[in-house]
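One structure below.
A short reminder: the numbers here are calculations on the coordinates, not readings from a lab. Predicted, not measured: the structure shown is a model, and the values here were computed from it. Because the Cβ atoms are built from the backbone with ideal geometry, glycine has one as well, and the counts that use them run over all protein chains shown.
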């Protein structure tokens, strides 16, 4: 009789230990997944900041460069496309991130064209509002790079966690899936050619 109680206690103790480990592992994966989602929100936040600066920049340039209508419309259209492309953090896929990045790259390209136009207007380049907006835009571009790096670090940490044994068994059991990374655009590994 006493032996049966010892076996029951050992089994209950083992069940409790396994339950504690599974619960701790599951909760850790949830926390890491939430960190990735939060970092994604931070990425979207700085992209939104950039999009919010653009109407003021376009309005400032428009006052000086009215006949650059095509370039200004290109920036406005690229902004509209970039802000309409959103991704739910719960459903991040490589294809959706690539689509989001493509829209953002279109906006970056349109802004580059706008900056080339600005070079033709010395009065605009000296305008205090324009200089302030340009500085804010440059700062925002730096923030974008920082937030993308932080997102990739959070995704790497999460992805590593769900792949390591024995956590991978829990991850598979509860449907934890790999989070995608931001990747550089094709051709960015080569330095751009500058010709005068």
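Seen against the Cα atoms of the chain and their longest principal axis, helix 94-118 is set at about 20 degrees.
In the range 27-174, Cα pairs under 8 Å separated by at least six residues give a relative contact order of 39 percent.
Among 3, 50, 156, sorting on how many other beta-carbon atoms sit within 10 Å of each Cβ, with the fewest leading, yields 3, 156, 50. The distance linking the range 111-147 with the range 11-90 is 22 Å (Cα centroid to Cα centroid, whole angstrom).
Counting neighbouring beta carbons within 10 Å and listing from fewest to most, the residues 5, 21, 40 come out as 5, 21, 40. Over the residues of the chain, the helix contribution to mean residue ellipticity at 222 nm works out to -27500 deg cm²/dmol, using -39500 (n - 2.57) for each DSSP H run of at least 4.
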